[in-house]
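The values are calculated or read from the model by the stated rules, or taken from the named source; none is laboratory data. Bear in mind the structure is a predicted one, so any value in this text is a computation, not a measurement. Here Cβ is always computed from backbone atoms with ideal geometry, including for glycine, and neighbour counts include all displayed protein chains. Calculation scope for accessible area: heavy atoms of the full protein, side chains included, ligands and nucleic acids excluded. Shrake-Rupley method; radii C 1.70, N 1.55, O 1.52, S 1.80 Å.
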Amino acid sequence: KQLPASGLPSYGTSFQPVKTLILMAMLNTAYHAHYDAPRFFHQIQPPSMSKFNTLVYTSFAAAAVICSLIMVVGFLTFGGNASSLILNSYASKDLLAILGRLGCGASITFSYPLVFNGFRTGTFALFGHKPSTLQNDLFAVGTVAATTSIAMVMNDLGFMVSFAGALLGSSIIYVFPAMMHIAASKTKGSELGTAYYASHGIAGLGVVLGLVGALVSYLKSFTNVLN
């Protein structure tokens, strides 16, 4: 009785390929940890690829299980009327949902430094600049202010997740690693093998998936073209 009519469970009867593309873009956000991988490797004592592989396999499997569980349970509960932020689909007085919102807030607060540190380090390294303490602090304040301002005016989390997942996710997962492998293969001076040419294909695939995902996310959220 506490849910509005628009929030009541609703299930369709047909398959919609467009929404599958949006889902694929969203799933990319589950693996946005690549930028911290070098730091994680160097923190292993002693550094070992076998230990690092164990860490990667376990973490990716856990992320896949957790994300899949939340996605499936949310859809089975609300169907097509599930909110882009699933906690918003529950009644405002639902105690478990309130605890979930508090937990989500705590997760964002305490995980943000891990994500931000990789972003800041990578940004300065990209421009070949070694920042001072003051520059690090100013960069942190500016980034937090910018992201907070965007969060205050955006009310469709689904669009942000799918759009960012399409562009950033495809870049981090497909394009950048492939480009790094291509560059490393050229510097070795040895004969270019199958993996070198496969990297070109992976990079191209990433570009296509990113652009298509971003376009579909925009059209779905701001136009009626796909409805």
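Of note:
- In terms of overall dimensions, the C-alpha atoms belonging to the stretch 143-227 reach 52, 35, 11 Å along their principal axes, ordered largest to smallest.
- Computed from the alpha carbon positions, the gyration tensor of the stretch 96-159 leads to an equivalent ellipsoid with semi-axes of 28, 14, 11 Å, biggest first.
- Nearest-0.05 FRET efficiency for T20 and F116, computed from C-beta distance (R0 35 Å): 0.65
- The chain: DSSP helices with Cα axial extent of at least 24 Å and average Kyte-Doolittle hydropathy no lower than 1.0: 49-78, 95-126, 133-153, 194-222
- Under-5 Å amide H pairs with G79, H placed in peptide plane, nonlocal only: S10
- Accessible-area ranking of F222, F15, F78, F52, largest first, probe 1.4 Å: F15, F222, F52, F78
- In this structure D94 has an accessible area near 50 Å², from a 1.4 Å probe over the protein heavy atoms.
- Accessible area, probe 1.4 Å, largest first, for residues Y11, Y57: Y57, Y11
- Ellipsoid fit via the Cα gyration tensor, the stretch 1-157: semi-axes of 35, 22, 16 Å, each the root of five times an eigenvalue, largest first.
- Free of any trypsin sites (Lys or Arg not before Pro) that DSSP assigns to a loop and that have at most 14 other C-beta atoms within 10 Å, the longest stretch within the chain is 94-227.
- For the set L192, L215, the ranking by accessible area, highest first and with no ligand, DNA or RNA atoms included, is L215, L192 under a 1.4 Å probe.
- On the chain, 71 percent of the accessible area sits on carbon and sulfur atoms, based on a 1.4 Å probe.
- The accessible area of I22, taken with all protein chains in place and a 1.4 Å probe, comes to roughly 20 Å².
- Rounded D (µm²/s) - the stretch 77-227, Kirkwood Rh over Cα pairs, Stokes-Einstein at 10 °C, 1.306 mPa s: 83 µm²/s
- About the Cα centre, charge dipole magnitude for the stretch 84-195 (Lys/Arg +1, Asp/Glu -1 at Cβ), debye: 180 debye
- The alpha-carbon atoms of the stretch 146-185, seen along their principal axes, cover 45, 19, 7 angstrom, with the largest extent given first.
- Taking 0.36 nm per residue of separation and subtracting the current Cα-Cα distance, fully stretching the chain between Y57 and T223 would add 55.8 nm.
- Reach of K186 by Cα under 30 Å, taken over lysines that are not fewer than 8 positions away in the same chain: K51, K130
- Taken per residue, the accessible surface of the chain reaches 68 Å², heavy atoms only and a 1.4 Å probe.
- Over the residues of the chain, the helix contribution to mean residue ellipticity at 222 nm works out to -22500 deg cm²/dmol, using -39500 (n - 2.57) for each DSSP H run of at least 4.
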